[in-house]
Amino acid sequence: IIFFGLILSPLIPEKIIWISQCSLHLAEDEELLALASRSGCRILSFGIETTNESSLMHVEKEWNRPERYDSAFIKIKAAGIEVSTEMIVGLDGDDETVFDETFDFIMRNSIALPRNYIITPVPGTPMYKGLDAEGRIFDKDYSKYVGGTVVFEPKNMSVETLQNGYWSLYKKLYSTKNILRRLKRNHANLSPYMRLFVFGTNLVYQNHIRRGITPGIV
């Protein structure tokens, strides 16, 4: 708290608005949350990856603890900070139920800016080496390694199911009706300006999805 206080406290008199990425561990420190909000933080993005505990093992993030997600988001929003999430589908613990489970989770928590990706084995990483050794990588055109294209054989579903399910999930989340549902309640008590910013970003993402562009990449 002392270290972050030294960083955040000087921002308070500057009266700026800032957005960043952060670990969900932040929700465990109410004093730090309040300080972040006072310093001008209005949106934080959390790479929670998945609600499936077995899938978290695939990306070595067992410490994320999905059972705490809902309560953590409540605390963060109560501090005046809106939530963005980054989640992955196609992990080895996932089957075709992952799409509905991810949709339900995001809608239940009124996530303002949800971003989703197909798990992508980045060349040079242990995941890439492991999948390649198993003969599961079928496409080595690295221009496709942007989070929206299946380039390997999933473990518990077909390539087509993963690819189609990913875009169906995104289109469903960013339908106009569901954008309004997610943003209807202003739990973080954002100002009209910030609410307009969040709504506008949703419309930009909606446009990207309709064009087959993964939000957050372009």
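The values are calculated or read from the model by the stated rules, or taken from the named source; none is laboratory data. Owing to the predicted nature of the structure, the values given are computational and were not obtained by experimental measurement. Glycine also receives a Cβ, built like all others from the backbone with ideal geometry; neighbour counts cover every protein chain displayed. Each accessible area value is taken on the protein alone, full model and side chains, heavy atoms only, with ligands, DNA and RNA left out. Shrake-Rupley method; radii C 1.70, N 1.55, O 1.52, S 1.80 Å.
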Please go through (1) modelled with pLDDT under 90; (2) more than 19 Å from VAL89 (Cβ to Cβ); (3) not charged (D, E, K, R) for THR51 and return the number of the only condition it doesn't satisfy. (2)
Within the stretch 180-218, can you find the residues that are out of contact with any Leu (no Cβ under 9 Å at 6 or more places or on another chain) and aromatic (Phe, Trp, Tyr)? TYR193
Just wondering, is there one or more residues in the stretch 60-70 that are touching a Lys or Arg at 6+ places or on another chain (Cβ under 9 Å), more than 23 Å from SER158 (Cα to Cα) and not aliphatic (A, V, I, L, M)? yes
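For the stretch 175-189, enumerate the residues that are in contact with a helix residue (DSSP H, G or I) (Cβ under 7 Å, 6 or more places away or on another chain) and in contact (Cβ under 8 Å) with a residue 60 or more places away in the chain. Talk me through it step by step, then tell me what you get.
First pass over the stretch 175-189, keeping only residues in contact with a helix residue (DSSP H, G or I) (Cβ under 7 Å, 6 or more places away or on another chain): 178-179, 181-183, 186-188.
Matches in the stretch 175-189: ASN178, ARG181, ARG182, LEU183, HIS187, ALA188.
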When the residues of the stretch 121-167 are filtered to those that are open to solvent by 60 Å² or more (accessible area, probe 1.4 Å), among the acidic types (Asp, Glu) and in a loop (DSSP other than H, G, I, E, B), which remaining residue is nearest to GLU101 (Cα to Cα)? GLU153
Which numbered condition ALA34 misses (of (1) among the hydrophobic types (A, V, I, L, M, F, W, C); (2) at pLDDT below 90; (3) open to solvent by 40 Å² or more (accessible area, probe 1.4 Å); (4) closer than 24 Å to HIS187 by Cα): (2)
